[in-house]
1. Report, by residue number, each residue of the stretch 57-78 that is among the hydrophobic types (A, V, I, L, M, F, W, C) and either within 19 Å of residue 14 (Cβ to Cβ) or part of a strand (DSSP E or B) (or both).
2. Yes or no: residue 15 of a type in the set (Phe, Trp, Tyr), at pLDDT 95 or above and either assigned to a helix (DSSP H, G or I) or more than 19 Å from the chain's Cα centre (by Cα) (or both)?
3. Can you find even one residue in the stretch 135-148 that is more than 14 Å from the chain's Cα centre (by Cα), outside any strand (DSSP E or B), aliphatic (A, V, I, L, M) and closer than 21 Å to residue 36 by Cβ?
4. Mind telling me which of the residues 92, 119 ends up being of a type in the set (D, E, K, R), closer than 17 Å to residue 150 by Cβ and surrounded by fewer than 17 Cβ atoms within 10 Å (Cβ to Cβ)?
5. Please go through (1) at pLDDT 95 or above; (2) in a loop (DSSP other than H, G, I, E, B); (3) over 14 Å from the mean Cα position of the chain (by Cα) for residue 152 and return the number of the only condition it doesn't satisfy.
6. Condition first: farther than 17 Å from residue 43 by Cα and either surrounded by fewer than 18 Cβ atoms within 10 Å (Cβ to Cβ) or of a type in the set (Ser, Thr, Tyr) (or both). Now tell me which residues in the stretch 136-148 satisfy that.
7. Quick check on my filter: what residues within the stretch 98-116 are crowded, with 19+ Cβ neighbours inside 10 Å, β-branched (Val, Ile, Thr) and without any contact (Cβ under 8 Å) to a residue 60 or more places away in the chain?
Amino acid sequence: MGLPAHQFVFTADDYLAWEADQKDRHEFLDGEVFAMAGAEDRHVTVAGNCYMSLRQHLSGSPCRTYMSDMRLHVAAVNSYFYPDVLVTCSARDQVSARVKTEPKLIIEVLSPSTAGYDRGLKFNAYRHLASLEEYVLIDIDTRNTDVYRKGADGLWVLHPFERDATVTLASVALHITPEQLFADVVEPEVAPASSLAPVLSVRP
């Protein structure tokens, strides 16, 4: 990731007020703001496939599935994110129209420019969510999927799935085949451009 373009105090309240007037979405990580540029076709398609599989599977249950326009608040680390896909079964989340706080499952679709952020800073933040049971990272280049699952002891264990394997999401009792996960994905002719860069920071 590059360096923030500006250095000045930017609180969570500042971020929420500022982003309400922005055309594009931004994530807020304890004072640092990251611009989330539009994703490439494969990214959007895979995220949509995950959403559809989860939405159909959870129909009629108390759980709800959301895509990347839904904001997630991680209060423990003073941060706001827009996961590619999240599932929450929380009654509190159902009555909160614009922000969710108790996800059971989070899915991020990786790109070369965001993989380090999703595996590092984001996962560190997400682990502070007591409700979270699984964190899923889908690599659209290798088509491998990493499922991080929280055990009864509170420790996170990696369950890797190769490109030809059916992915198990134990948190919602769903199995997704590669054909479902990568349906309609068209490989690009050229590598996509960088899609994430920090733009602001609270660090003086």
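1. Pass one, the stretch 57-78, residues among the hydrophobic types (A, V, I, L, M, F, W, C): 58, 63, 67, 70, 72, 74-77.
Residues satisfying the conditions are 67, 72, 74, 75, 77.
2. On the way: of a type in the set (Phe, Trp, Tyr): yes; at pLDDT 95 or above: no; either assigned to a helix (DSSP H, G or I) or more than 19 Å from the chain's Cα centre (by Cα) (or both): yes.
So residue 15 fails the test.
3. Yes, the stretch 135-148 has at least one match.
4. On the way: 92 fails: closer than 17 Å to residue 150 by Cβ.
Answer to the check: 119.
5. (1) is the only condition that residue 152 fails.
6. Keep residues of the stretch 136-148 that are farther than 17 Å from residue 43 by Cα, which gives 147-148.
Correct list: 148 only.
7. 106
Residue-wise test of (1) touching a residue at least 60 places away in the same chain (Cβ under 8 Å); (2) closer than 26 Å to residue 142 by Cα; (3) not in a helix (DSSP H, G or I).
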position: 10; (1), (2), (3): yes, no, yes
position: 28; (1), (2), (3): no, no, yes
position: 35; (1), (2), (3): yes, yes, yes
position: 43; (1), (2), (3): yes, yes, no
position: 46; (1), (2), (3): yes, yes, no
position: 49; (1), (2), (3): yes, yes, no
position: 55; (1), (2), (3): no, yes, no
position: 80; (1), (2), (3): yes, no, yes
position: 96; (1), (2), (3): no, no, yes
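The values are calculated or read from the model by the stated rules, or taken from the named source; none is laboratory data. Predicted, not measured: the structure shown is a model, and the values here were computed from it. Positions of Cβ are backbone-derived with ideal geometry, glycine not excepted, and every protein chain shown enters the neighbour counts.
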